[in-house]
Amino acid sequence: MGNLRQTRMQAYIETHHDVTIRELQALFPEVSLMTIHRDLDALEADGIIVKVRGGARSVRHSGDLSFDVRLQENNAGKLLIAQKALKLVRRGSSVFLDAGTTGLVLARSLPDMALNVFTTGPNIAVELCRLPNVNITLCCGTVNRKNIAVSGQNTLQMLSGINIDLALIGVSGCSAEAGFTCGTEGDRMVKGEVIRKARTSVALCDRTKFSRLMPYTFACLSDVDYLISDGPVPDPVLREAERAGVTVL
């Protein structure tokens, strides 16, 4: 019965895109609020939906969500990704820290050490100001208010003149067929240029992104050196990563 209810719940959320807990209670009046939350937890663990404050949202073929909404999603998973990524950071190196919520969580977790950090996230640059030993360079460009990221020709020109030891790159979607995807042409060009410039490229992909397809592919799995996630990687992606020699953490 539970699996049938979750199937109905999944279909309803994917049809309506955004639903509230109140809607789900009306749809399933025979079960408790706690059971509805357990069903949502199970669907989120499978990467089908994401829980947001007061409801849930479908992740399949959705557009980029606003920064504030994404900041509420899967915080424990983003923290786990940040902890794994920090093990790759070496004192004295030049690190690119991508804009986005995972990048912001990583910035909040970064210890104070001698580093040169480049970022396309204005909020990330501000967060790093608490660390006196980190040299911070905020890339210039046009700010996208939706994802709090800069992009554009000025950003690309600036990136072309810097050297990056380690690039920590956020993704909005990932699949074996489409590779790593994002929501805007500007982000595609910036992320692609960063990968081209970096000695070591790391894709940061929480489990909700494996079922999400975004409009623009900025890299194939073979273009990165590491793939870091907060849970099991789907078998097709894992096979493609192993074929390409990508280390999965």
Given the conditions (1) under 14 Å from Lys209 (Cβ atoms); (2) charged (D, E, K, R); (3) modelled with pLDDT under 85; (4) within 16 Å of the chain's Cα centre (by Cα), report the number of the one that Lys78 does not fulfil. (3)
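So which of Val89, Val19, Val105 ends up being modelled with pLDDT under 90 and either out of contact with any Asp or Glu (no Cβ under 8 Å at 6 or more places or on another chain) or in a loop (DSSP other than H, G, I, E, B) (or both)?
On the way: Val89 fails: modelled with pLDDT under 90; Val105 fails: modelled with pLDDT under 90.
The conditions single out Val19.
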Condition (residue is surrounded by 23 or more Cβ atoms within 10 Å (Cβ to Cβ), outside any strand (DSSP E or B) and acidic (Asp, Glu)) applied to the range 190-197: is it met by at least one residue? no
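Do we have Cys140 as in a strand (DSSP E or B) and more than 15 Å from Val95 (Cα to Cα) here?
Numbers: in a strand (DSSP E or B): no; more than 15 Å from Val95 (Cα to Cα): yes.
It is false that Cys140 is in a strand (DSSP E or B) and more than 15 Å from Val95 (Cα to Cα).
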Here the residues within the range 111-122 that are under 22 Å from Ser172 (Cα atoms) and either open to solvent by 40 Å² or more (accessible area, probe 1.4 Å) or in a loop (DSSP other than H, G, I, E, B) (or both) are Thr120, Gly121
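Yes or no, residue by residue, for (1) in a loop (DSSP other than H, G, I, E, B); (2) within 23 Å of Ser160 (Cβ to Cβ); (3) open to solvent by 20 Å² or more (accessible area, probe 1.4 Å); (4) touching a helix residue (DSSP H, G or I) at 6+ places or on another chain (Cβ under 6 Å):
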residue: Thr200; (1), (2), (3), (4): no, yes, yes, no
residue: Phe210; (1), (2), (3), (4): no, no, yes, no
residue: Leu213; (1), (2), (3), (4): yes, no, yes, no
residue: Ala241; (1), (2), (3), (4): no, no, no, yes
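The values are calculated or read from the model by the stated rules, or taken from the named source; none is laboratory data. Bear in mind that the values here come from a model prediction, so they are computed numbers and not experimental data. Backbone-built Cβ (ideal geometry, glycine too); neighbour counts: all protein chains shown. The protein model used for the area step is the full one, side chains on, heavy atoms only, and it has no ligands, DNA or RNA in it. Shrake-Rupley method; radii C 1.70, N 1.55, O 1.52, S 1.80 Å.
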